[in-house]
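The values are calculated or read from the model by the stated rules, or taken from the named source; none is laboratory data. Note that this is a predicted model, so its numbers are computed, not measured. Neighbour counts are summed over all protein chains in view; Cβ atoms, including those assigned to glycine, are modelled from backbone coordinates with ideal geometry.
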Amino acid sequence: MKRVLKVFTLSLLLTMAIIPIFANGSQEMKNSSAKKQLTLSIWDENQKATIQEIVDSFNAQSTEYEATIQLTPWSTYWTKLDASAGAGDAADVFWMNVYLPKYVDGDVLLPLDEYITKNDIDINNYVQTTLDMYNYKNHIWAMPKGMDTVVVAYNKALFDKYDVAYPQKGWSWDDMKTISMELRDKIKKAGDTNYPILMELDAQPSYFNFIYQNGGYVVSDDYSKSGFNQPEVAKSFQNVVDLFNEKLLAPYNVLSETKGTDLFISKKGAMVFIGSWKASVLENCSIAQEGNLGLVTMPSQDVDNTSVIGGLGYAISKNTKYPDGSFALVKYLTGFEGNKIQGEKGIDIPAYRDAQKYYKEHFKNIDAQAFFDAADTSVPFPAGPDINAWIGIINDNAARILAQEISPEKGCELIYKDMQAAIDK
């Protein structure tokens, strides 16, 4: 009886020992067949649903990789990226903008040239300026997601009311002033309080564009020199000050208290300089719904009608475990399919040319063609590795110039001195 018990006990022990072996083997087989996990970090809640749709499509098509989105609000996005990059555990793929040089110099990003070549990416499919934004030290460090440009929106109903001809593509700054003077005089005669011109008095939708339109620059291409010692830069600010003084532009105190866009959609102004990132605001305003909203490229100044382009790109962490998989995700996000989906949803102007028509078709009340036309004469938003050290210097002194606390010449002199010192540190 004892022998039978011993045999039974031994059999039971062997069985119990074998079960984990098979169980572990089964788990290992399961893990080996599972997809490799990629993470994608973004900051915009409003775009998340569309980006998720694109990621879901990638996941469905990929047999080897699966991506998940990490949403971090803008307010903490860069702090988190700095910390995770320093610890070597940043997301595999993440949104990047004009701060790119800082992260290249910090050895955070993977250069993409080899992967672009290996995957037969035709870079001619993209708007050139969007590629230029991510070309630093002779390497491409991110693939462009989209772009934004600046145009002029106008209220046809107000132009019709005062019997003034609409602005036309190819117009000049002098043409704009002539149109605005006619509007000013007729508005005054009618006893109305509308403004001929409105602006957002921030760098991208206004004075950065004007600097390049007059032949100046904000910072040199190698990011080593401030451009604020150029007479063309002071002239650009003087041109805006002249608009204030000639009562063609809404007063500074009005524009500093209420955004130009808000005044425009409230039908307080005939024209507004506005970025494409406000396209949905324009699409849904009553002016557009009534069929009275027109869009035209900015007027040309001494050189052209340059639009300073911003936008986002997809960069890859240098420490990613899966560089090939990460680029496969980037390729899909920034390729035709990814751009088509974001264009259809109207969340961003596709940087991929053949997908731009879907963005235009998304809008029913405005003609978005002007946003694309503006890209034809565009430069990347001026940035560089030291942008955080000098952008505030520009903004603070630009506000003083536009408030006419100091002259354009004096303001630019102050900017140049402090900005160059920040660059030279």
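Considering every residue within the stretch 238-256, establish whether at least one is surrounded by 23 or more Cβ atoms within 10 Å (Cβ to Cβ) and over 22 Å from C285 (Cβ atoms).
Within the stretch 238-256, none of the residues are surrounded by 23 or more Cβ atoms within 10 Å (Cβ to Cβ) and over 22 Å from C285 (Cβ atoms).
Identify, please: which residue in the stretch 246-260 is of a type outside the set (A, V, I, L, M, F, W, C) and part of a loop (DSSP other than H, G, I, E, B) and is, among those, nearest to D132 (Cα to Cα)?
Applying the filter and picking the extreme gives K259.
Give the residue, chosen from K267, K235, that is assigned to a helix (DSSP H, G or I) and assigned by TED's automatic domain parsing to the domain that holds P196.
K235
Only one of A328, A315 is in the same structural domain as N125 (by TED's automatic domain parsing), out of contact with any helix residue (DSSP H, G or I) (no Cβ under 6 Å at 6 or more places or on another chain) and part of a strand (DSSP E or B). Can you tell me which?
On inspection, the qualifying residue turns out to be A315.
Would you point out which residue out of L295, L243, L198 is in a strand (DSSP E or B), closer than 17 Å to K177 by Cβ and in contact (Cβ under 8 Å) with a residue 40 or more places away in the chain?
Going through L295, L243, L198 in turn, the sole match is L198.
Determine if the stretch 153-174 includes at least one residue that is outside the structural domain of A398 (by TED's automatic domain parsing), surrounded by fewer than 19 Cβ atoms within 10 Å (Cβ to Cβ) and among the polar types (S, T, N, Q).
No - not one qualifying residue is present in the stretch 153-174.
What about A355, is it part of a helix (DSSP H, G or I) and over 27 Å from T63 (Cβ atoms)?
So A355 does not fit the description; no.
Results for (1) within 30 Å of A374 (Cα to Cα); (2) at pLDDT below 95; (3) of a type outside the set (S, T, N, Q); (4) surrounded by 18 or more Cβ atoms within 10 Å (Cβ to Cβ), shown as yes or no for each residue.
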position: A49; (1), (2), (3), (4): yes, no, yes, no
position: D56; (1), (2), (3), (4): no, no, yes, no
position: Y65; (1), (2), (3), (4): no, no, yes, yes
position: T76; (1), (2), (3), (4): no, no, no, no
position: A90; (1), (2), (3), (4): no, no, yes, yes
position: M96; (1), (2), (3), (4): yes, no, yes, yes
position: Y99; (1), (2), (3), (4): yes, yes, yes, no
position: P111; (1), (2), (3), (4): yes, no, yes, no
position: K118; (1), (2), (3), (4): no, no, yes, no
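Please tell me if K177 is surrounded by fewer than 23 Cβ atoms within 10 Å (Cβ to Cβ), without any contact (Cβ under 8 Å) to a residue 12 or more places away in the chain, of a type outside the set (S, T, N, Q) and more than 21 Å from I309 (Cβ to Cβ).
Against the criterion (surrounded by fewer than 23 Cβ atoms within 10 Å (Cβ to Cβ), without any contact (Cβ under 8 Å) to a residue 12 or more places away in the chain, of a type outside the set (S, T, N, Q) and more than 21 Å from I309 (Cβ to Cβ)), K177 does not qualify.
Just to be sure before I move on: is D120 of a type outside the set (G, A, S), farther than 24 Å from K48 by Cα and not in a helix (DSSP H, G or I) in the structure I sent?
It is true that D120 is of a type outside the set (G, A, S), farther than 24 Å from K48 by Cα and not in a helix (DSSP H, G or I).
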